[in-house]
Each structure stands twice: as C-alpha cells, then as structure tokens.
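Q: The following block contains the structure, expressed as structure tokens.
The values are calculated or read from the model by the stated rules, or taken from the named source; none is laboratory data. Since this is a predicted model, take the numbers as computed values, not measurements. As a convention, Cβ positions derive from the backbone with ideal geometry for all residues, glycine included, and neighbour counts pool all protein chains shown.
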Amino acid sequence: MGMVNEISDKSPAALRRLYLGERNSWIRTNMVLTLDGNFVDSLDSSRGLSCEADLRLLLMLRAISDVVLIGAATARKENYPIPRLRKEHLNFSQKAPTLCVVSKSLDLSVNLKMFQNCDDKPIVITQIDQGKSWNENLDRIADLAEIVILDGPITGQKISDSLRELQFHNIVCEGGPSLIALLQKDALIDEMDITYAPEISGELPTRPALGTSHTKWLCTSVLRENDHMFTRFIRSPNSSKTNSVEL
C-alpha cells in the first residue's frame with residue numbers, strides 16, 4: 001500500500017487537475033461500492049458506504065461539472081437536494097451544477113428536497129406517455145421542474161443529446177445502476193470514478209452496479225484514505241459499443 005497516495009495529501013487544486021483532465025466535454029460516473037460490488041449498505045443507502053474524503057471528492061467532481069445526472073430511484077431513495085457551490089470551489093467554478101433526474105413514470109413526490117427551491121429548478125427527463133398516471137404526475141410537478149419529454153423510449157443517447165442541446169457538456173452521473181446501464185449501452189461513459197468501501201455486503205446486488213455492457217477500462221489513478229480506495233478509470237481506446245442486456 002506504500003505506493004498508493006493519500007487523498008488527503010492532494011490539495012483541492014491538485015485533485016481538480018487530476019480529475020479534470022484536458023477534455024472539454026465528458027460523461028463520468030461517480031459511485032461508491034462495497035468490495036463485493038454492492039451499491040447500497042444494509043439500510044439500502046449508499047451513504048453508509050461513504051466517508052469524509054468520499055464526500056469531498058463528490059463535491060469537487062460536482063464543482064467541475066455542468067450537471068449532476070441521477071435516476072428517479074436514486075432521487076427518491078437519497079432525497080437529493082439541489083447542488084450548491086461550496087466556498088472552497090469558488091476559485092475554479094462560479095456556478096453550481098444543475099440537477100437532472102431521469103424518470104420514465106414521473107413518480108416523484110413534490111416533497112422531495114430538489115423541488116423545494118423555486119429559483120433553481122431541476123431538469124426532469126422523461127418519455128412521452130398517454131397513460132393517466134403519467135399525465136397526472138406531469139401536471140403535479142410541471143411548475144417545479146424543467147421537463148424534457150423525449151419522443152420514444154428513454155435511451156442513453158437521447159439523454160446525452162438532450163443535455164448537450166441545453167449546453168451541458170460536462171456531466172457527472174451519480175447512479176443508479178439502471179441509468180448507468182443506459183449510458184453504458186450506448187458507449188457514452190468516458191470515465192468511471194469508483195470509491196471502494198472496506199466492506200463486504202454479503203448480498204448480491206439487485207442489478208450490476210456499473211452497467212450491463214462488456215467494456216474495457218484503463219486505471220489512471222488510485223488514492224486512499226484509511227481503508228477507502230478511490231479509483232479513476234477511463235474507457236480503453238480498444239473498447240467499443242458491445243452487445244448488452246436489455247433493461
């Protein structure tokens with residue numbers, strides 16, 4: 001372990017340089033996993049797997065991103081608030097990222113934290129549906145979010161295209177697995193930032209945490225704090241779109 005740098009030895013500026021790279025447009029995922037590949041703890045939440053350094057890294061990755069992308073199940077389970085810009089990031093970012101939620105059903109409670117700020121509305125991407133419940137859900141949150149309605153089924157490519165059209169070019173996806181699988185299926189993820197918690201859940205994940213497509217990745221850095229490991233992978237140049245399991 002002596003060859004692995006401590007994350008606490010990296011200044012905020014050094015961490016930013018490490019993760020920002022030279023690209024002007026990217027999609028990255030950021031997740032914390034158990035050693036046996038689960039994305040939630042015994043309380044069905046990712047928060048118990050995290051640590052202070054993981055939170056610092058998460059906030060830095062948000063600060064260099066235009067948008068935080070999550071699935072509806074993650075939004076509900078973790079009760080996501082609207083991201084805020086922290087004072088320690090003001091020297092390299094002047095605007096907090098926008099929150100974007102992908103939801104096929106629009107089954108989102110108006111009491112969620114993300115709907116409690118009228119000045120910073122989240123974006124909600126959905127697909128057109130003539131069903132009664134979808135229309136009722138749409139009416140309920142129409143004034144609380146910027147709604148993007150896709151024509152046809154939700155795909156990773158359509159999500160990416162919609163965000164690019166809104167001038168969001170640096171995207172961090174914080175899960176969950178269903179959303180990551182959509183992005184993976186269309187070979188859209190450029191980078192995976194994975195924190196490994198020193199914990200074995202002893203349970204099989206409900207679905208693969210990092211998607212359902214076979215792809216190859218290159219490890220560009222490994223950091224640690226105590227027994228948490230912080231890894232950064234970029235897509236291998238030899239890895240292309242492959243057959244994947246349908247959602």
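Q: Can you name the residue in the range 129-152 that is of a type outside the set (A, V, I, L, M, F, W, C) and more than 20 Å from residue 115 (Cβ to Cβ) and, of all such residues, is surrounded by the most Cβ atoms within 10 Å (Cβ to Cβ)?
A: Let us first name the residues in the range 129-152 that are of a type outside the set (A, V, I, L, M, F, W, C), namely 129-133, 135-137, 139-140, 143, 146, 151-152.
Okay, now just the ones that are also more than 20 Å from residue 115 (Cβ to Cβ), so 129-132, 151-152.
Working: 129: 15, 130: 6, 131: 9, 132: 8, 151: 7, 152: 8.
Looking at the filtered set, the residue picked out is 129.
Q: If the Cβ limit is 8 Å and pairs must be 6+ apart or interchain, which residue in the range 38-50 that is crowded, with 21+ Cβ neighbours inside 10 Å pairs with which residue that is at pLDDT below 90 and among the acidic types (Asp, Glu)?
A: From residues that are crowded, with 21+ Cβ neighbours inside 10 Å, the pairs are 38/203; 49/41.
Let's see how each residue does on (1) on the phi < 0 side of the Ramachandran plot; (2) aliphatic (A, V, I, L, M):
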{"site": "94", "(1), (2)": "yes, no"}
{"site": "103", "(1), (2)": "yes, no"}
{"site": "106", "(1), (2)": "no, yes"}
{"site": "133", "(1), (2)": "yes, no"}
{"site": "138", "(1), (2)": "yes, yes"}
{"site": "141", "(1), (2)": "yes, yes"}
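Q: Step by step: first the residues of the range 19-47, then only those that are modelled with pLDDT under 90 and assigned to a helix (DSSP H, G or I), then the one that is nearest to residue 205 (Cα to Cα). Which residue is that? Show your work before the answer.
A: So in the range 19-47, the residues modelled with pLDDT under 90 come out as 20-24, 40-47.
Adding the requirement that they be assigned to a helix (DSSP H, G or I) leaves 20, 47.
Details: 20: 30, 47: 16 Å.
Here the answer is 47.
Q: Let me ask another. Does residue 117 satisfy the criteria of being over 30 Å from residue 202 (Cα atoms), touching a residue at least 12 places away in the same chain (Cβ under 8 Å) and more than 14 Å from the chain's Cα centre (by Cα)? It would help to see each step written out before you state the result.
A: On the way: over 30 Å from residue 202 (Cα atoms): yes; touching a residue at least 12 places away in the same chain (Cβ under 8 Å): yes; more than 14 Å from the chain's Cα centre (by Cα): yes.
Against the criterion (over 30 Å from residue 202 (Cα atoms), touching a residue at least 12 places away in the same chain (Cβ under 8 Å) and more than 14 Å from the chain's Cα centre (by Cα)), residue 117 qualifies.
Q: Next question, about the same structure. Which one of these does residue 84 not meet: (1) surrounded by 16 or more Cβ atoms within 10 Å (Cβ to Cβ); (2) under 17 Å from the mean Cα position of the chain (by Cα); (3) assigned to a loop (DSSP other than H, G, I, E, B)?
A: Single failed check for residue 84: (1).
Q: While we're on this one: Farther than 26 Å from residue 20 by Cα and in contact with an Asp or Glu (Cβ under 6 Å, 6 or more places away or on another chain), is that true of residue 200? I'd like the intermediate steps shown before the answer.
A: Numbers: farther than 26 Å from residue 20 by Cα: yes; in contact with an Asp or Glu (Cβ under 6 Å, 6 or more places away or on another chain): yes.
Yes.
Q: Between a first residue in the range 6-25 that is without any contact (Cβ under 8 Å) to a residue 12 or more places away in the chain and surrounded by fewer than 11 Cβ atoms within 10 Å (Cβ to Cβ) and a second residue that is part of a loop (DSSP other than H, G, I, E, B) and of a type in the set (S, T, N, Q), which pairs have beta carbons less than 6 Å apart while being 6 or more apart in sequence or on different chains?
A: Pairs found: none.
Q: Assuming residue 193 fulfils every condition listed in (1) assigned to a strand (DSSP E or B); (2) touching a residue at least 60 places away in the same chain (Cβ under 8 Å); (3) within 21 Å of residue 68 (Cα to Cα); (4) out of contact with any Lys or Arg (no Cβ under 7 Å at 6 or more places or on another chain) apart from one, which condition is it?
A: Going through (1) assigned to a strand (DSSP E or B); (2) touching a residue at least 60 places away in the same chain (Cβ under 8 Å); (3) within 21 Å of residue 68 (Cα to Cα); (4) out of contact with any Lys or Arg (no Cβ under 7 Å at 6 or more places or on another chain) one by one, residue 193 breaks only (4).
Q: Moving to a separate point now. Would it be correct to say that residue 97 is in contact (Cβ under 8 Å) with a residue 60 or more places away in the chain and either surrounded by 17 or more Cβ atoms within 10 Å (Cβ to Cβ) or over 14 Å from the mean Cα position of the chain (by Cα) (or both)? Steps first, answer last, please.
A: Details: in contact (Cβ under 8 Å) with a residue 60 or more places away in the chain: yes; either surrounded by 17 or more Cβ atoms within 10 Å (Cβ to Cβ) or over 14 Å from the mean Cα position of the chain (by Cα) (or both): yes.
Here the answer is yes, as residue 97 does meet what is asked.
Q: Exactly one condition in (1) of a type outside the set (D, E, K, R); (2) surrounded by 12 or more Cβ atoms within 10 Å (Cβ to Cβ); (3) at pLDDT below 95 is not met by residue 108; state its number.
A: (3)
Q: Considering only residues that are touching a helix residue (DSSP H, G or I) at 6+ places or on another chain (Cβ under 6 Å), at pLDDT below 95 and either buried (at least 22 other Cβ atoms within 10 Å of the Cβ) or part of a helix (DSSP H, G or I) (or both), which ones fall in the range 62-81?
A: Answer for the range 62-81, where residues must be touching a helix residue (DSSP H, G or I) at 6+ places or on another chain (Cβ under 6 Å), at pLDDT below 95 and either buried (at least 22 other Cβ atoms within 10 Å of the Cβ) or part of a helix (DSSP H, G or I) (or both): just 63.
Q: What number of residues within the range 137-174 satisfy the criterion of being touching a residue at least 24 places away in the same chain (Cβ under 8 Å), under 16 Å from residue 122 (Cα atoms) and part of a loop (DSSP other than H, G, I, E, B)?
A: Number satisfying all stated conditions: 6.
Q: Which condition from (1) farther than 20 Å from residue 98 by Cα; (2) within 13 Å of the chain's Cα centre (by Cα); (3) of a type in the set (A, V, I, L, M); (4) buried (at least 19 other Cβ atoms within 10 Å of the Cβ) is the one that residue 194 breaks?
A: All conditions pass for residue 194, except number (4).
Q: Looking at the range 204-215, is at least one residue modelled with pLDDT of 95 or more and within 26 Å of residue 4 (Cβ to Cβ)?
A: Taking the range 204-215 and keeping what is modelled with pLDDT of 95 or more, we get none.
No; the residues of the range 204-215 include none that is modelled with pLDDT of 95 or more and within 26 Å of residue 4 (Cβ to Cβ).
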